[in-house]
Amino acid sequence: MIVLSGNKYLFFLLPVLFFSCGKEKNECAPLAIFDLGRDVRITGIEVLNDSTWVACGGIRGEAGYFFRTQDAGLHWTTQQTGESSCIYTIAFTDSLHGFAGGDFLRMWETIDGGLSWQFRWLADQVPYHEQDRPAIRSFCLNDDQHLFFCGGENLGTGVCYESIDAGKNWNFVVYHHEMRSIDRNPLGQLVAGGHGILMHSDSSIFSMNPCNWENDFITSLRFVSEKNVVAAGFNGGIYLSADAGNSWTESLKPNRPFHHRSGWNSIAVKEGEVIVAGKNGEIALSETGGDQWEEYILLNEPHLFQIVPFGNDYLVTGDHGMIYKIKL
């Protein structure tokens, strides 16, 4: 017989208690699975209408792809860019005009709803040093004239870009933080986030003010109302601001010892719902504007990259050329 003293018994029991107290996650089975026909990561998707969706993806250093369906995912056409750049983000100002961005500040534009894409080199509208030309990661195109995007690379160099003439000309700011997400509310106020940084402005990237923030690597953020913002981090935390990004509180705790959650990649907002998707098939849903969260696992899918509303459901992109339709 083995007898443990009180202290030794507690030392033995504590790890068991830590590992057993995690919150149970709900399983989520997809309503439909769409195979785009290329074994690449699908990093972005835009729903133009019930039938027409446009997606992007690729393999870093090898190839970038655009995908388009006009029958709600049953059949897809594919366009390879011809550049050795993965495409990370895609966004439209209307059903015809859109932009996409990839490695090395490479940008593409469409004027026919994604049927064709034209490469647009930013020419002298880029940082002088090549090492300061990172990947484009996020667009904000909720005003068809006043456009924004941000990007970053290797936890270091980051950029924010702004255009006031529908993307014909761009001006930029360079940061010592990788930037991942930018959004704007109807009042013209901006929020932007990245590696160890959150910033806000009342009007322009040229008047950005950093918050007192070092907590997480922000990978996605969205306004859910004129003043309320939700941000999600690579370290598993979800954060709220009630003053257009000036100050932040923790809504869902980031990863910590004995309580590991996947890193988040994308936020979608729809009619009061906020939904966040990330690695290891993790999904979090809030029906209270981000105050409370219900956590889910999408079965048999290791990584999720972008989630967007689709009617009463959501579309979420994954690895190996897959897109999933889900309902929570």
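Bear in mind these aren't lab numbers, they're just calculated from the coordinates by the rules spelled out. A quick note: this is a predicted structure, and the numbers were derived from the prediction, not measured. Cβ atoms come from the backbone with ideal geometry, glycine included; neighbour counts cover every protein chain shown.
Rounded, prolate or oblate for segment 25-326? Axes are the square roots of the Cα gyration tensor eigenvalues, ordered a ≥ b ≥ c, and the cut-off for rounded is a/c under 1.5. Taking the square roots of the gyration eigenvalues as a ≥ b ≥ c, segment 25-326 is rounded. Computed per residue of the chain from DSSP H runs no shorter than four, each worth -39500 (n - 2.57), the mean residue ellipticity at 222 nm is -1500 deg cm²/dmol. Each Cα pair under 8 Å and six or more residues apart adds its separation to the average, and for segment 25-326 the resulting relative contact order is 15 percent.
Dividing the mean sequence gap of close Cα pairs (under 8 Å, 6+ apart) by how many residues segment 21-76 holds gives a relative contact order of 26 percent.
For K25 and L115, the FRET efficiency from 1/(1 + (r/R0)^6), where r spans their Cβ atoms and R0 equals 35 Å, is about 0.30.
What does the C-alpha gyration tensor say about the overall shape of segment 31-150? Classify as rounded when a/c is under 1.5, otherwise prolate if a/b is larger than b/c, or oblate. Since a/c reaches 1.5 but b/c is at least a/b, the shape of segment 31-150 is classed as oblate. Compared with the dominant Cα axis of the chain, that is its longest principal axis, helix 6-20 is turned about 30°.
Normalised by 2.2 N^0.38 Å, with N the number of residues, the alpha-carbon radius of gyration of segment 259-302 equals 1.12. Between segment 188-250 and segment 299-326, what's the alpha-carbon centroid distance in Å? Each part reduced to its Cα centre gives a spacing of 24 Å. The packing ranking, built from the mean of other Cβ atoms within 10 Å per residue, places the peptides 42-49, 141-148 in the order 42-49, 141-148, highest first. Can you classify segment 211-328 as rounded, prolate or oblate using the Cα gyration tensor, where a ≥ b ≥ c are the square roots of its eigenvalues, rounded means a/c under 1.5, and otherwise it's prolate if a/b beats b/c and oblate if not? Since a/c reaches 1.5 but b/c is at least a/b, the shape of segment 211-328 is classed as oblate.
For G44, the amide hydrogen comes within under 5 Å of the amide hydrogens of C56, counting only partners 5 or more places away or on other chains and with H modelled in the peptide plane.
Taking the chain as a Gaussian network of alpha-carbon nodes connected by springs under 10 Å, the highest mean-square fluctuation of the residues R180, R256, R38 belongs to R256.
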